[in-house]
Amino acid sequence: DLLDISKIEAGKMRLNLTVVDLGEVVQHVIDTLGTWAKTKDIKLEKILYPDKIEILMDTDRMVQVLTNLIGNGIKFTNKGGSISVEVKERPPDELFPEVAVQVTVQDTGIGIDYEDIKRIFDKFEQVKGVNSSGIGGTGLGLPIAKEIIQMHGGKIWVESSKGCGSKFTFLLPMQ
């Protein structure tokens, strides 16, 4: 993470763009993290509309983003919870002026306090109470994810409230 954030800040992170089925990338990450989710009895679900959505992207970097978002969901969701990953096409609107693919990672986890939401994508920031609960990290995963999404010409945001889970959404241009 430190190397990646350093590359991003120095403008040296390059994307290796190819046309890829985003649903297959999502499935790969779900399969990879599935064992961890099973140890916590967390249900992972993929929802895809339409069945195949091909976009120009850096597969490795998108795996990194999805691993971070789904991994955080697993980390901050209690036993018996669930995480869904929805991928769908989205028409242009005031938020994003071109046809896009929308990816939403929603969990039934501990949620994020309102005051933490505005800084969750800042480097080295972690939500209150995370370290005291024994769950740690570098505080770089979400800032890196945000930078990768922006490098792809997209946007990312979170909706959450304490005790009610989190919903991370990002948009990528269909091109």
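Just so you know, all these numbers are worked out from the coordinates, no wet-lab data involved. As the structure is a prediction and not an experimental result, all values here were calculated from the model. Here the Cβ is made from the backbone with ideal geometry for all residues, glycine too, and neighbour counts use every protein chain on show.
For the listed residue pairs LYS79/LYS162; LYS75/LYS162; LYS43/LYS75; LYS43/LYS167; LYS38/LYS155; LYS40/LYS146, the alpha carbons are over 24 angstrom apart in LYS38/LYS155; LYS40/LYS146. Nearest 0.05, what FRET efficiency do LYS38 and ASP113 give at R0 = 25 Å with Cβ-Cβ as r? The pair LYS38/ASP113 has a calculated efficiency of 0.30. Other residues lying with their Cβ under 9 Å from the Cβ of PHE170 contribute a combined charge of +2, Lys and Arg counting +1, Asp and Glu -1.
Protection proxy ranking of 98-108, 73-83, by the mean of other Cβ atoms within 10 Å over each peptide's residues and highest first, is 98-108, 73-83.
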